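Derivation of every value follows stated rules applied to the coordinates shown; laboratory data play no part. Since this is a predicted model, take the numbers as computed values, not measurements. All Cβ positions, even for glycine, are placed from backbone atoms using ideal geometry, and neighbour counts span all protein chains on display.
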């Protein structure tokens with residue numbers, strides 16, 4: 001007798017269905033995994049975006065508070081540096097502000113000061129002097145009718161650009177100056193600015209490297225001054241006496257309306273960010289009031305108001321942001337401590 005054929009066909013059909021179902025299950029499982037990864041990445045991206053938006057708002061708040069503290073004080077008694085803390089929602093914020101006069105202004109500093117600074121930071125004497133010459137050449141306009149020797153140097157070196165021959169717009173322009181290596185640029189950036197608008201530096205705030213670059217400074221005078229500095233009053237005569245007569249421009253305490261604000265943020269989830277911004281304080285509005293409380297305009301009767309009416313909005317703001325640089329970073333032990 002022949003074996004039955006029909007049951008074998010049914011068994012084959014069942015096996016094919018089982019295999020097809022298994023493939024479908026595998027495909028669904030793969031899709032589920034892909035969807036899970038997509039959701040996870042999307043959640044992380046949204047979380048990072050939320051933190052970025054919140055960080056920007058917190059930095060803006062710290063700049064507002066720093067400007068308020070500086071503008072609320074009398075201009076002659078305005079603090080050159082300070083700090084404060086505040087908490088908002090799930091973040092603790094530490095803000096410190098320092099006068100930009102603590103740095104060397106690339107557009108105003110003397111050639112000798114620039115050469116000394118680069119030498120203090122590791123450049124050899126002749127190389128430091130050459131860098132100072134090129135910085136001065138970069139910021140100095142060419143003389144009308146004379147040969148442009150500075151531009152010729154860049155062309156001879158094979159550069160496809162010419163020197164600005166105008167004030168530095170940003171400290172990062174140093175990387176374009178002929179003869180300044182990337183390593184030297186990285187070393188000098190923490191000590192230079194383009195916002196103080198002063199040829200002198202505030203020696204009560206400046207880092208030791210900047211004070212060491214003062215013309216006439218010696219290691220002995222520097223060490224002695226750094227020991228005395230914490231107890232020195234903010235008085236030019238006292239500072240000049242502590243520096244000694246050999247140091248040129250000794251005791252100079254330049255005033256500036258530019259302040260560097262460092263904002264460190266610590267979130268409750270352990271993440272942290274820090275942002276460094278430079279702000280320029282605006283003009284304070286002074287209102288003279290008469291006995292009836294109304295504004296007294298008698299002093300302005302002969303004043304030409306055309307210029308005031310044409311003032312831009314930036315002149316009327318309490319402060320302007322000149323520079324903003326933020327970076328996300330995991331909190332170190334020191335920043336955790338600083339965050340409160």
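The Cα atoms of segment 174-268 give a gyration tensor whose axes a ≥ b ≥ c have a/c of 1.5 or more with a/b no greater than b/c, which makes the shape oblate. Report note on the peptides 175-188, 203-216: ranked by the mean count of other C-beta atoms within 10 Å, highest first, their order is 203-216, 175-188. The peptide list 160-169, 133-142, 65-74, put in order of mean Cβ contacts within 10 Å with the highest first, becomes 133-142, 65-74, 160-169.
Sorting the segments 239-248, 115-124 by their residues' average number of neighbouring beta-carbon atoms within 10 angstrom, most packed first, yields 115-124, 239-248. Measure out, as a whole number of angstrom, how far apart the alpha-carbon centroids of segment 86-163 and segment 182-204 sit. Between the Cα centre of segment 86-163 and that of segment 182-204, the gap is 8 Å.
Restricting to Cα pairs below 8 Å that are 6+ residues apart, what does the relative contact order work out to for segment 104-195? Please round to a whole percent. Relative contact order comes out at 36 percent.
Let me know the shape class of segment 104-195, please: from the alpha-carbon gyration tensor, a ≥ b ≥ c as square roots of the eigenvalues, rounded when a/c is under 1.5, otherwise prolate if a/b is greater than b/c, or oblate.
Judged from the Cα gyration tensor, segment 104-195 comes out prolate (a/c at least 1.5, a/b above b/c).
For segment 160-206, what class follows from the C-alpha gyration tensor (a ≥ b ≥ c being the square roots of its eigenvalues): rounded when a/c is under 1.5, otherwise prolate if a/b is larger than b/c, else oblate? Oblate, because a/c is 1.5 or more while a/b does not exceed b/c.
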